[in-house]
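What follows draws every value from the coordinates through simple rules; no lab data is involved. Quantities reported herein were computed from a predicted structural model and do not represent experimental measurements. Positions of Cβ are backbone-derived with ideal geometry, glycine not excepted, and every protein chain shown enters the neighbour counts.
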């Protein structure tokens with residue numbers, strides 16, 4: 001007899017890192033308890049590098065940054081192709097080999113996964129022909145971000161409610177970070 005009981009227990013997640021032929025390095029995280037939720041993490045730039053490599057198009061990377069591509073028009077077309085992918089089939093191909101209950105969930109329980117995007121980030125990259133053309137704009141954008149944008153702006157952009165009169169009643173928190181790295185200086189709100 002099955003008896004539901006509430007008790008404290010450790011909840012395990014199983015992580016599987018995968019060097020996928022199409023997507024590059026990604027991961028699948030499987031929850032060890034019902035409803036056996038799955039999270040998939042992948043990076044569009046990693047995926048783009050795989051696509052460029054398969055087509056023999058030269059590119060250069062600096063860490064995660066793809067900073068030089070021999071054929072920018074091809075890269076743009078490949079990125080647009082990513083958005084039209086058959087996502088359910090792509091995710092199923094990633095999860096099925098590492099989910100031990102896949103056959104039971106799909107054939108016996110008839111409880112296939114319902115795919116949704118919990119967190120997604122899209123980058124808008126702007127290409128400048130030379131560092132000299134970018135330099136005056138870069139400094140202006142950083143200055144604008146530091147002097148014009150506020151935590152209130154960041155919270156509102158992220159869809160959080162900010163009372164019009166004061167921050168006193170707002171329970172959310174925004175952070176601003178300015179750092180200089182080898183690739184350049186970046187201003188980040190989160």
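Would you mind ranking 146, 116, 1 so that the residue whose beta carbon has the fewest other beta carbons within 10 Å leads the list? Ascending Cβ contact count within 10 Å gives the list 1, 116, 146.
Ordering 118, 7 from the fewest to the most neighbouring beta carbons within 10 Å gives 7, 118.
Just to be sure I understand: with springs between alpha-carbon atoms less than 10 Å apart, which residue in 121, 173, 80 has the highest mean-square fluctuation in the Gaussian network model of the chain? Comparing 121, 173, 80 in a Gaussian network model of the chain, the most mobile one is 173.
Note on 13, 20: ascending count of other Cβ atoms within 10 Å places them as 13, 20, the fewest first. Averaging the sequence gap over all C-alpha pairs within less than 8 Å and six or more residues apart, then dividing by the number of residues, gives the chain a relative contact order of 9 percent.
In region 128-190, the alpha-carbon atoms span a convex hull of 98 Å³ per residue. Helical content of the chain, expressed as a calculated mean residue ellipticity at 222 nm, amounts to -9000 deg cm²/dmol (DSSP H runs of 4 or more residues, -39,500 (n - 2.57) each, divided by residue number, nearest 500). Between [x] 11.7; [y] 21.0; [z] 16.9, which entry matches mean projected area of the Cα convex hull in nm² as derived from the coordinates of this structure? Evaluating mean projected area of the Cα convex hull in nm² on these atoms matches [z].
Using only alpha-carbon positions in region 40-113, the gyration tensor eigenvalues give semi-axes of 34, 13, 9 Å once each is multiplied by 5 and square-rooted (largest first).
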